[in-house]
1. Over chain B, with a Gaussian network built from C-alpha contacts below 10 Å, which listed residue (B:ALA263, B:ALA41, B:ALA87) shows the highest mean-square fluctuation?
2. Along each principal axis of its Cα atoms, how long is chain B end to end? Whole angstroms, biggest number first, please.
3. Note down the nm distance, to one decimal, between modelled labels 7 Å out along Cα→Cβ at B:ASN39 and at A:SER96.
4. Measure off 7 Å from each Cα along the Cα-to-Cβ vector at B:SER149 and B:THR172, then give the distance between these two points in nanometres to one decimal.
5. How long is the gain from B:GLU179 to B:THR248 if the chain were fully straight, where each residue apart is worth 0.36 nm and the alpha carbon distance is subtracted?
6. For A:GLY155, what is the net charge nearby, where nearby means another residue's Cβ is under 15 Å from its Cβ and Lys, Arg count +1, Asp, Glu -1?
7. Summarise the partner chain shielding of A:52-64 as one whole number: the mean count of Cβ atoms from other chains within 10 Å of each residue's Cβ.
8. Using label points projected 7 Å from each Cα along Cα→Cβ, tell me how many nm separate B:LEU310 and B:THR258, to one decimal.
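Bear in mind that the values in this text are calculations on the coordinates, not laboratory data. Keep in mind that what you see is a predicted model, and the values were worked out from it rather than measured. All Cβ positions, glycine included, derive from the backbone under ideal geometry; neighbour counts span all protein chains shown.
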Amino acid sequence: MGEVSGLAIDDNESMRLSLHKVVVSIAILGVAAAIAGLGTFATFTSTTSATHTIASGTLTLTAPFSRLGTGASPIAAGDTMQRAIDLSYSGSISFSAVTLTTSASPSSLLDTDTTDGLHIVIDKCSVAWTESGPPYTYTCGGSTSSVLASSAIIGSNVALSNLTLTAGSLDHLRATITFPSTAGNTLQNQSSTLTYAFTGTQRAGQSQ
Amino acid sequence: MSRQPPDSLVSRRALRWAVIAGVAAASFTTVSLAFAGFNSAASGGPGTYASKRIFPGIRTSSAWTLRDASGGGAETNADDTLSYTDALLKTTGNWATTFSSTRYVEFDFNSARPGGVAVSSATFAYRMAANSAGDTACFYFEVYRASSSTLIGTHGSTGVPVACNATTTQTTYSTTLAEVTDTTILNDLRVRVYAKESGSRPMKQDLASVTGSTAYGSFTTYEKIYRDQSTGTPATTNWSVATSGDSTAYVSAGNWATTFAAARYMKFTFDPHVPSGSVITSASVDFYYKNNTAGDTVCWYFETYNGATLLGTHGSSGSPVSCNSTAGFTTDNVTLAELTSVTDANNLTIKVYMKDSTGARKSQTDLVQLNINHYLD
């Protein structure tokens, strides 16, 4: 608490007075700067300029060919289903990774039983798979590599390996969906509709 | 002179909100920067996968209907005593006048159904009467999983029996088994009947079976093992041709001749309950037999029928399926290539012709079993 002219005032009053001083000071400085600036532009000027364009690229993942929309019914324990899908990296920017998220709607024990329900394996062929069927089966005329080891059919953001990922390239994938031979009678008369989402992310930033 | 405190230039509430807003803005900016970057997605599917309604598998069914004309005369009804409402009765030992936890009869049922199929309206049918006029027989029962002896249901009690019969007239008492919810339980079912008899005498039983339905039709399940502990001391009687190696074999009612004859046979009828629409991929019959008198040689061949329609012949009078002169049972398994129709399978009768080297001798049959591998899409 302060003391002015014999009257007691509190700290807020002091703060108000100080702020008034600050505001007035800034106003004075602003006006002075403006006048100075006017004085500056009142002299001769000369300008040089350069322009350049910076354009962002595109990152585009598509599936120009896919058999993943082909289901199977009725399946029994021990059955396997092969489905091919091509992933195209058709934008101008390469990818750093692609993940797979699978979902089921409607759902059943075929996708919720992670032991005896459906499992998926994904392989890549260096050239296009040779398809026969239906029922579809595929052979690879080039070399194969593993993209996803055996996993329960439902997964979220599952990392995929050995993909090309380069802008303008194509990966030829084959998904093998297995209904384990260990599946018991509780998995009879079940039905699941599966959707597969492949999500690619761009390469890391770099000097350009 | 006092003065009112002046209003704050910036209220504390406003300051707090300002701080919160600042922190939120900073966080949003940081997180946005962290997740920034291009991404793209491609999708596959949807694809629908549906499993078979019934998986492929071999289901076995014994014959509960047996008509015996081995002697060359009229057929003898040699059906399983407890599987049908007929004149064949099974008499228990002497009961006590009060219920006792150690006095009961027990039935294990066959397991011919594909497992994992929902069951509705499972019902235990028990047909019985008191042994003597003026007596009253009462019962209640428990339901178990046979494989684990786990109690899964109780119906009635010592104080409130399921039923009492004060006559000697056979009466069927039907009780719903809500605990039998699927065929996995049905295939592993045991019913234990506790009873009392007012005169401490036996009870006469005609039928102990379980009926119900699935999405694929109605069914009847028959007992294959009967344990009588009405006196407090157990005695087990298996349906003779339902289980092999159980020291319970069916002895033919009459004597076979030294040669095969059209009028000398045994007929076994099965009840496999193959669901309509099923695909039968294979079928066979197990027939285990031997002589009833040491040193004799017994031979057999058989025909398959749907009603009066001949489906196939296996072996012949000149070339039997096999012969057995040993003291042990011959275990024949004969493929039934003709059994491709569900209707034929569900109405299958096999007619077995036999002969004995000495003649005027009987045979023993340990097992008559139908094996059908089928599935339903």
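1. Result for chain B, Cα springs under 10 Å: B:ALA41 fluctuates most.
2. Taking max minus min along each principal axis of the Cα atoms, chain B gives 137, 61, 34 Å.
3. Each label point lies 7 Å from its Cα, and together they span 1.2 nm.
4. A separation of 3.3 nm, rounded to one decimal place.
5. Extra length available between B:GLU179 and B:THR248 comes to 21.7 nm.
6. Residues close to A:GLY155 contribute a combined charge of -2.
7. Mean shielding by partner chains, rounded to a whole number: 2.
8. 2.7
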